[in-house]
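Some notes on the structure that comes next.
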Amino acid sequence: MSRVFASYRDPRSATELLAIDDDRLRCVQLDVTQATDIRQLVQLIEHDQGRPDFVIHCAGILHEKGIRPEKALSQCDADTLKRLFAVNSIGPLMLAQALIPLMPRRQKSHFTVLSAMVGSISDNRLGGWYAYRASKAALNQFMRTLSIECRRTHPGLCVTSIHPGTTDTGLSRPFQANVKNGKLYTPGQSAGRILSVVGQSTAEQSGQFVNWDGQPISP
Ligand SMILES: NC(=O)c1ccc[n+]([C@@H]2O[C@H](COP(=O)([O-])OP(=O)(O)OC[C@H]3O[C@@H](n4cnc5c(N)ncnc54)[C@H](OP(=O)(O)O)[C@@H]3O)[C@@H](O)[C@H]2O)c1
């Protein structure tokens, strides 16, 4: 029987997930900045003798209590920079370090992370958002490096960084005023596109940074 291991950080914002009653679903509390939480996830998967063949990492922050994206250099703060790198870049790499050894080596499999268009260095024409941009650029570089190592260790694995498109969630809500008509997508639309693009990607394309429509994005 296939299983889905779904993580949440705070049970208060995961009520819908935790209400699902399905034998195939395993829910686990996970803060990606906490090594003990990542170890617990691994133990749960191992206990179920699971071999994950589709990992999708969605967690990320642009703002949180006391943190707003910077408009100018003068607003950059070392602790904020560290916090965004911890959640957006280092967390997913540590998750990869923990999970990839459990993944099939030759059979087709996916390790996907939600990145952001603003992590593209060549596409940066507006400036601002120092911490978020740089943490997503670092995430893309981590995934690219991982994909090169995995060509040898996991030739069936496709590593993908994907931009989900501007999606109506708590992350984008304070910044939606400037989004053009028809360019704000529902979480369901974005999730469907991500699954479709990633599902069609092959190990030969591993390491790509792609848009929600499947077009490659220049890092
Ligand atoms: N929405 C957009 O327009 C957009 C555009 C480009 C890229 N993205 C990327 O898409 C991904 C998903 O964003 P979203 O729009 O779904 O934002 P969201 O609604 O704010 O969801 C972000 C999720 O990340 C979780 N999270 C935050 N810090 C965490 C940590 N330390 N450990 C574990 N989980 C943590 C949050 O958990 P809690 O529920 O506990 O807070 C929340 O469930 C992010 O990586 C984001 O950068 C989004």
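Examine the range 128-135 for a residue that is among the aromatic types (Phe, Trp, Tyr), without any contact (Cβ under 8 Å) to a residue 60 or more places away in the chain and surrounded by 21 or more Cβ atoms within 10 Å (Cβ to Cβ), and state whether such a residue exists. Lay out the reasoning, then the answer.
To start, the set of residues in the range 128-135 that are among the aromatic types (Phe, Trp, Tyr) comprises 129-130, 132.
Checking which are without any contact (Cβ under 8 Å) to a residue 60 or more places away in the chain leaves us with none.
No, the conditions are met nowhere in the range 128-135.
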Failed criterion for VAL32 (all others in (1) free of Cβ contacts under 8 Å to residues at least 40 places away in the same chain; (2) under 21 Å from THR167 (Cβ atoms); (3) not acidic (Asp, Glu) hold): (1)
I want to confirm something. Restricting to the range 98-126 and keeping residues that are within 11 Å of the ligand (Cβ to nearest atom) and hydrophobic (A, V, I, L, M, F, W, C), which single residue is surrounded by the fewest Cβ atoms within 10 Å (Cβ to Cβ)? MET117
Subset of the range 173-207 [free of Cβ contacts under 8 Å to residues at least 12 places away in the same chain and part of a loop (DSSP other than H, G, I, E, B)]: LYS180, ASN181, GLY182
Working only within the range 156-201, note down all residues that are loosely packed, with under 13 Cβ neighbours inside 10 Å, more than 9 Å from the ligand (Cβ to nearest atom) and more than 12 Å from ASP213 (Cα to Cα). PRO174, ALA177, ASN178, LYS180, ASN181, GLY182, LYS183, THR186, GLY188, GLY199
Which members of the range 7-17 meet the condition of being more than 12 Å from ALA59 (Cβ to Cβ) and either surrounded by fewer than 13 Cβ atoms within 10 Å (Cβ to Cβ) or touching a His at 6+ places or on another chain (Cβ under 6 Å) (or both)? PRO11, ARG12, THR15, GLU16
If I ask for residues that are within 9 Å of the ligand (Cβ to nearest atom) and not polar (S, T, N, Q), which ones from the range 19-33 would you list? LEU30, ASP31, VAL32
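Restricting to the range 47-62, give me the number of residues that are near the ligand (Cβ under 9 Å from one of its atoms) and in a loop (DSSP other than H, G, I, E, B). Before the answer, list the steps.
Taking the range 47-62 as the starting set, the residues that turn out to be near the ligand (Cβ under 9 Å from one of its atoms) are 57-62.
From what is left, the residues that are in a loop (DSSP other than H, G, I, E, B) are 58-62.
So the answer is 5.
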Return only the number of the condition from (1) more than 13 Å from the ligand (Cβ to nearest atom); (2) without any contact (Cβ under 8 Å) to a residue 24 or more places away in the chain; (3) under 15 Å from VAL32 (Cα atoms) that LYS82 does not satisfy. (1)
Scan the range 92-117 for residues that are in contact with a Gly (Cβ under 9 Å, 6 or more places away or on another chain) and either acidic (Asp, Glu) or part of a helix (DSSP H, G or I) (or both) and jot them down. PRO92, LEU102, MET117
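None of the figures in this text is laboratory data; all of them are computed from the coordinates on show. None of these values were measured; they are calculated from a predicted model. Glycine gets a Cβ as well: all are built from the backbone with ideal geometry, and neighbour counts include every protein chain shown.
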